[in-house]
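Q: Let me give you the structure first, and then I'll get to my questions.
The values are calculated or read from the model by the stated rules, or taken from the named source; none is laboratory data. Fair warning: this is a prediction, and the values are worked out from it, not measured in the lab. Because the Cβ atoms are built from the backbone with ideal geometry, glycine has one as well, and the counts that use them run over all protein chains shown. Accessible surface is based on the protein model in full, side chains and every heavy atom, while ligands, DNA and RNA are left aside. Shrake-Rupley method; radii C 1.70, N 1.55, O 1.52, S 1.80 Å.
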Amino acid sequence: MIDFHVPNTDKNNFAPRVGFAWAPSFSNGILSRLFGKEGDSSIRANFARSYVTAFSNLVSAGPPAALQGELVDAGPATNFLQQGGASPGPYVFNNSPANIRAVTGSRILDHVSPYADAFAVSLQRQLNRSTGIEFRYLRTNGRKQFVQVQTNSRPVVDAMMVVPTLYALPTAAALGALPTIGTLAAANPILNGATQAPRQLPQFAGVLTSDPNIGKSKYDGVSLSVNRRFVRHFAATAAYTYSRTYDNSFNELFTSQLNPRRSQDAGEFFQSGLDLSHDYSRSIADIPHRFVASGVYEVPFKSGNSFLKAIAGGWEITGIFQAQSGQLVDIQSGIDSNRNGDNAGDRVLLNPNGGNRNVGSGVVGLTLVGGVVTQVAVGSSPNTNVRAYLAVNPSAAWVQAGYFAAGIANGGAGLAPRNAYRTRSFNNTDMDFIKNTRFGKEGRYNFQIAAEAHNVFNHREINIRGIGSGARSFVEPFTPQFLNYSYAFGVYGGRTVTMRAKFIF
């Protein structure tokens, strides 16, 4: 039973924070060489629990059930004015339970605040008067995170997930020994001849989208940074981070086509609770390697010639370089492979004999027509005469999972893991060239001109854009755009130079 009530608030959020700092002091021995003299080093550690309030989108995108019924537009879809426009009488809301169930598409749950437990420890060491290093470890555990599910989805019928995917054309006899999808569906008591099971709550016409707090994540990262303060006209910082990020969900709202907002099994097992253990994997936020370096150099110039000093003096050059691993994406089948009424998270098969992980393949259905093996398109719904699927490219690593394809059952065993492909790494360099012209008593006034150059070396770095028409085709192995960076869903700005002027007084 689903109870629609005023959501309860979360009133037991306890957010402790504790930390300490210690400046070790050793007069001799190996510890003295490691930590230096008194005041050269500092060891810090802290723990903090932080809570996040629910963002308004979760409620505004799915208002209360009765309000959803009131917002239904029952007027003429076209020729509005020609058909009389708005009714002159008052709007009469059909508040019958049957109508409210029919128009309700979402459900607001009791509010539970997601939280993160973060633990950090660091060692800071001064090397000389101008330079210091820091080694840092951070672990963050996220709990009770929002996950978008379709409560009233159609259940996945595991007994149907037996249609094989072949990598070579079978003989007619071999194919004839396999049952058709129609035969399997007719024999299944849940499907009763259909290719989709009824909704779990048939009195509701919609999917009842909700956001329960069943998500979790984990981050582990170590970093090393070097800092040089501004001495002898030069300052610089450099930092490298090695990390691992895991989670079982991401994008609770529709923020990316490349990383689905719902699990492949989202909505299944409504009565017993959704099991996301099969989706726990590297996160889209997983960036194993990241390096950033920046610097400021003040060009030293002195001259007794005031004109030459005005032209050649006062220059500053700043720059920042960054390089990091690419983002992870979910290789997707593009169809509702498991027939739960939702194709958002259906993943592909990972061909054990596929050699090239940059190559994907679609599939065709195989049927028997007059005793002859015949290929048919997958289509937008299952062909009940299909007995097996054939990979178009048997050498591809990623192969589309057809309807009821073996490997979908039991939490997706046999499918490619979630977020299984990492896109290209990238690097970028930005620089500023600044000219300061100071005048007045003690240089009180400064006329500054600068050129800000982004992507100085004009690298064609590609950040894959997850939203927009056709973006999903980048992760669908049956499309020409599959893992193809030359299509429009890559973001490439090219080198840009911005001139600016500023008067400081």
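Q: Return the residue satisfying two criteria in turn: it lies in the range 206-233 and is more than 17 Å from Ile133 (Cβ to Cβ) and surrounded by fewer than 15 Cβ atoms within 10 Å (Cβ to Cβ), and of such residues it is modelled with the highest pLDDT.
A: Asp220
Q: Residues that are at pLDDT 70 or above: which helices (runs of 4 or more DSSP H) entirely in the range 1-112 hold 3 or more of them? Spell out the reasoning first.
A: Working: elements: 29-35, 57-60, 65-70, 97-103.
It comes to 29-35, 57-60, 97-103.
Q: From the list Val386, Val378, which residue is assigned to a loop (DSSP other than H, G, I, E, B), open to solvent by less than 10 Å² (accessible area, probe 1.4 Å) and at pLDDT 95 or above? Spell out the reasoning first.
A: Values: Val378 fails: open to solvent by less than 10 Å² (accessible area, probe 1.4 Å).
Result: Val386 is the single residue among Val386, Val378 that is assigned to a loop (DSSP other than H, G, I, E, B), open to solvent by less than 10 Å² (accessible area, probe 1.4 Å) and at pLDDT 95 or above.
Q: Inside the range 300-315, can you point out the residues that are in a loop (DSSP other than H, G, I, E, B) and loosely packed, with under 14 Cβ neighbours inside 10 Å? Talk me through it step by step, then tell me what you get.
A: Keep residues of the range 300-315 that are in a loop (DSSP other than H, G, I, E, B), which gives 300-305, 313-314.
Selection gives Pro300, Phe301, Lys302, Ser303, Gly304, Asn305.
Q: Say whether the condition of being under 30 Å from Ser210 (Cβ atoms), modelled with pLDDT of 85 or more and not in a helix (DSSP H, G or I) is met by at least one residue in the range 267-280.
A: The answer is yes, given that some residue of the range 267-280 is under 30 Å from Ser210 (Cβ atoms), modelled with pLDDT of 85 or more and not in a helix (DSSP H, G or I).
Q: What is the number of the single condition among (1) closer than 25 Å to Ser217 by Cβ; (2) touching a helix residue (DSSP H, G or I) at 6+ places or on another chain (Cβ under 7 Å) that Ser106 does not meet?
A: The single condition Ser106 does not satisfy is (2).
Q: Does the range 138-190 hold any residues that are open to solvent by 30 Å² or more (accessible area, probe 1.4 Å) and within 23 Å of the chain's Cα centre (by Cα), and which are they?
A: So in the range 138-190, the residues open to solvent by 30 Å² or more (accessible area, probe 1.4 Å) come out as 138-141, 143-145, 154-155, 158-159, 162, 164, 166-169, 171-174, 176-179, 183-184, 186-187, 189-190.
Answer for the range 138-190, where residues must be open to solvent by 30 Å² or more (accessible area, probe 1.4 Å) and within 23 Å of the chain's Cα centre (by Cα): Leu138, Arg139, Thr140, Asn141, Arg143, Lys144, Gln145.
Q: Examine the range 92-109 for a residue that is farther than 30 Å from Phe35 by Cβ, surrounded by 19 or more Cβ atoms within 10 Å (Cβ to Cβ), touching a residue at least 24 places away in the same chain (Cβ under 8 Å) and small (Gly, Ala, Ser), and state whether such a residue exists.
A: yes
Q: Only one residue in Gly470, Gly466, Gly493, Gly440 is more than 30 Å from Gly360 (Cβ to Cβ) and modelled with pLDDT under 85, so which one is that? Write out each step before concluding.
A: On the way: Gly470 fails: more than 30 Å from Gly360 (Cβ to Cβ); Gly466 fails: more than 30 Å from Gly360 (Cβ to Cβ); Gly493 fails: more than 30 Å from Gly360 (Cβ to Cβ).
Among Gly470, Gly466, Gly493, Gly440, only Gly440 is more than 30 Å from Gly360 (Cβ to Cβ) and modelled with pLDDT under 85.
Q: Select from the range 1-45 the residues that are among the aliphatic types (A, V, I, L, M) and out of contact with any Gly (no Cβ under 8 Å at 6 or more places or on another chain) and list them in ascending order.
A: Listed by number, the residues that qualify are Met1, Ile2, Val6, Ala15, Val18, Ala21, Ile30, Leu31, Leu34, Ile43.
Yes or no, residue by residue, for (1) open to solvent by less than 30 Å² (accessible area, probe 1.4 Å); (2) more than 26 Å from Thr479 (Cα to Cα); (3) in a loop (DSSP other than H, G, I, E, B):
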site	(1), (2), (3)
Thr255	no, no, yes
Ile287	no, yes, yes
Ile317	no, yes, no
Asn338	yes, no, yes
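Q: Taking Ala397 and the conditions (1) in a strand (DSSP E or B); (2) under 30 Å from Tyr246 (Cβ atoms); (3) open to solvent by 10 Å² or more (accessible area, probe 1.4 Å), which numbered condition does it fall short on, given that it satisfies the others?
A: (3)
Q: Going through the range 210-224 one residue at a time, which ones are over 18 Å from the mean Cα position of the chain (by Cα) and either part of a loop (DSSP other than H, G, I, E, B) or of a type in the set (Gly, Ala, Ser) (or both)?
A: Matches in the range 210-224: Ser210, Pro212, Gly221, Ser223.
Q: Please identify the pairs in which a residue from the range 437-454 that is at positive phi has its Cβ atom under 9 Å from the Cβ atom of a residue that is modelled with pLDDT under 80 and open to solvent by less than 30 Å² (accessible area, probe 1.4 Å), counting only partners at least 6 apart or on another chain.
A: That search, which allows pairs on different chains as well, returns nothing.
Q: Now for a different question. Could you tell me which of the residues Gln264, Gln327 is at pLDDT below 95, out of contact with any Cys (no Cβ under 6 Å at 6 or more places or on another chain), under 29 Å from Val456 (Cβ atoms) and buried (at least 17 other Cβ atoms within 10 Å of the Cβ)? Even if it seems obvious, please write down each step before you answer.
A: Details: Gln264 fails: under 29 Å from Val456 (Cβ atoms).
Residue meeting the stated conditions: Gln327.
Q: Take Ala391 and tell me if it is modelled with pLDDT of 90 or more, of a type outside the set (Phe, Trp, Tyr), open to solvent by less than 10 Å² (accessible area, probe 1.4 Å) and more than 30 Å from Gly182 (Cβ to Cβ).
A: On the way: modelled with pLDDT of 90 or more: yes; of a type outside the set (Phe, Trp, Tyr): yes; open to solvent by less than 10 Å² (accessible area, probe 1.4 Å): yes; more than 30 Å from Gly182 (Cβ to Cβ): no.
For Ala391, the condition - modelled with pLDDT of 90 or more, of a type outside the set (Phe, Trp, Tyr), open to solvent by less than 10 Å² (accessible area, probe 1.4 Å) and more than 30 Å from Gly182 (Cβ to Cβ) - is not met.
Q: Here is a follow-up. Would you pick out the residues in the range 110-134 that are over 30 Å from Thr53 (Cα atoms) and surrounded by 14 or more Cβ atoms within 10 Å (Cβ to Cβ)?
A: Let us first name the residues in the range 110-134 that are over 30 Å from Thr53 (Cα atoms), namely 123-134.
Result: Leu123, Gln124, Arg125, Gln126, Ser130, Thr131, Gly132, Ile133, Glu134.
Q: Among the residues of the range 194-209, is any over 29 Å from Ser56 (Cα atoms), touching a residue at least 40 places away in the same chain (Cβ under 8 Å) and outside any loop (DSSP other than H, G, I, E, B)?
A: So far as the range 194-209 goes, no, none of its residues is over 29 Å from Ser56 (Cα atoms), touching a residue at least 40 places away in the same chain (Cβ under 8 Å) and outside any loop (DSSP other than H, G, I, E, B).
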